[in-house]
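Peer 1: Handing you this structure, nothing more for now.
Bear in mind these aren't lab numbers, they're just calculated from the coordinates by the rules spelled out. No experiment lies behind these values; they were computed from the predicted model shown. Methodologically, a virtual Cβ is constructed for each residue, glycine included, from the backbone with ideal geometry; neighbour enumeration extends over all protein chains shown.
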Amino acid sequence: MADMLVKLYELPSHEDVLKGLSKYGIVIKRPIGPEKISVVEWVREQFGKHWASETDVSFSNRPISCFIAIDTTKDNEIIGFACYDATTKGFFGPTGVNPTYRGKGIGTALLLACLKDMYTIGYAYAIIGDAGPVEYYKKTVGAVEIPNSHPGIYKNMIK
């Protein structure tokens with residue numbers, strides 16, 4: 001999988017996506033410090049230690065460079081997450097949604113929350129590292145593949 005580049009100054013609006021989620025009781029929010037352990041543990045359980053490590057790093061950034069999706073109808077249960085500036089500056093990811101909740105636009109809302117936040121703090125472009133669903137990112141945010149970018153920053157990562 002290649003890395004992808006996104007123009008942050010040409011992002012689509014995400015208001016409609018957020019309104020659509022509200023009918024399910026789903027809220028996208030930036031977690032606060034006391035929620036760190038809950039978020040990192042949830043990510044580790046759902047997606048493994050590497051993504052949990054990156055999520056942990058995102059809590060050290062100011063502002064915290066992580067957003068979560070919660071289900072307010074289920075006692076604010078975490079159902080999704082997305083981070084940026086976790087692997088390296090300017091990188092979006094990791095991101096994931098509980099399989100039970102997929103297909104409702106939660107991933108898109110988390111993606112746009114992060115990318116819009118990156119733009120707000122001064123980035124013009126973002127890199128989606130080791131992008132899995134390439135066609136999704138092309139369609140949703142106009143991302144383009146970066147030639148010869150695999151394995152990129154992950155080249156010598158320990159397992």
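Peer 1: Given the criteria under 18 Å from H50 (Cα atoms) and buried (at least 17 other Cβ atoms within 10 Å of the Cβ), does D117 qualify? If you could, list the steps in order and put the result at the bottom.
Peer 2: On the way: under 18 Å from H50 (Cα atoms): no; buried (at least 17 other Cβ atoms within 10 Å of the Cβ): yes.
Criteria not met by D117.
Peer 1: Tell me which residues, restricted to the range 118-141, are of a type in the set (G, A, S) and under 13 Å from the mean Cα position of the chain (by Cα). Working first, answer last.
Peer 2: Residues of the range 118-141 that are of a type in the set (G, A, S), as a first pass: 122, 124, 126, 129, 131-132.
Of everything in the range 118-141, those that are of a type in the set (G, A, S) and under 13 Å from the mean Cα position of the chain (by Cα) turn out to be A126, G129, A131, G132.
Peer 1: A further question on this structure: In the range 51-59, is there at least one residue being touching a Phe, Trp or Tyr at 6+ places or on another chain (Cβ under 7 Å) and either part of a loop (DSSP other than H, G, I, E, B) or free of Cβ contacts under 8 Å to residues at least 60 places away in the same chain (or both)? Lay out the reasoning, then the answer.
Peer 2: Filtering the range 51-59 for residues touching a Phe, Trp or Tyr at 6+ places or on another chain (Cβ under 7 Å) gives 55.
If we keep only those that are either part of a loop (DSSP other than H, G, I, E, B) or free of Cβ contacts under 8 Å to residues at least 60 places away in the same chain (or both) as well, we get 55.
Scanning the range 51-59 turns up at least one residue that is touching a Phe, Trp or Tyr at 6+ places or on another chain (Cβ under 7 Å) and either part of a loop (DSSP other than H, G, I, E, B) or free of Cβ contacts under 8 Å to residues at least 60 places away in the same chain (or both).
Peer 1: With the requirement that a residue be free of Cβ contacts under 8 Å to residues at least 24 places away in the same chain and part of a helix (DSSP H, G or I), what does the range 75-102 give you?
Peer 2: Listed by number, the residues that qualify are P99, T100.
Peer 1: I'd like to verify a number: residues in the range 107-120 that are farther than 12 Å from C66 by Cα and either touching a Phe, Trp or Tyr at 6+ places or on another chain (Cβ under 9 Å) or not in a helix (DSSP H, G or I) (or both), how many?
Peer 2: Residues meeting the conditions: 4.
Peer 1: I've got another one for you. Scanning the range 1-36 for residues that are charged (D, E, K, R) and not in a helix (DSSP H, G or I), which turns out surrounded by the fewest Cβ atoms within 10 Å (Cβ to Cβ)?
Peer 2: Of the residues in the range 1-36, the ones charged (D, E, K, R) are 3, 7, 10, 15-16, 19, 23, 29-30, 35-36.
Checking the rest, the ones that are also not in a helix (DSSP H, G or I) come to 3, 7, 23, 29-30.
On the way: D3: 22, K7: 15, K23: 8, K29: 13, R30: 14.
Filtering the range 1-36 for residues that are charged (D, E, K, R) and not in a helix (DSSP H, G or I), the one surrounded by the fewest Cβ atoms within 10 Å (Cβ to Cβ) comes out as K23.
Peer 1: I've got another one for you. So I68 fits all but one of (1) among the hydrophobic types (A, V, I, L, M, F, W, C); (2) touching a strand residue (DSSP E or B) at 6+ places or on another chain (Cβ under 6 Å); (3) surrounded by fewer than 21 Cβ atoms within 10 Å (Cβ to Cβ); what number is the exception?
Peer 2: Status for I68: all satisfied but (3).
Peer 1: For R62, indicate whether it is part of a helix (DSSP H, G or I) and without any contact (Cβ under 8 Å) to a residue 60 or more places away in the chain. Step through it out loud before you land on a result.
Peer 2: On the way: part of a helix (DSSP H, G or I): no; without any contact (Cβ under 8 Å) to a residue 60 or more places away in the chain: yes.
Answer is no for this residue.
Peer 1: Any idea which of (1) surrounded by 13 or more Cβ atoms within 10 Å (Cβ to Cβ); (2) under 20 Å from I32 (Cα atoms); (3) in contact (Cβ under 8 Å) with a residue 40 or more places away in the chain is the one G105 doesn't satisfy?
Peer 2: Status for G105: all satisfied but (2).
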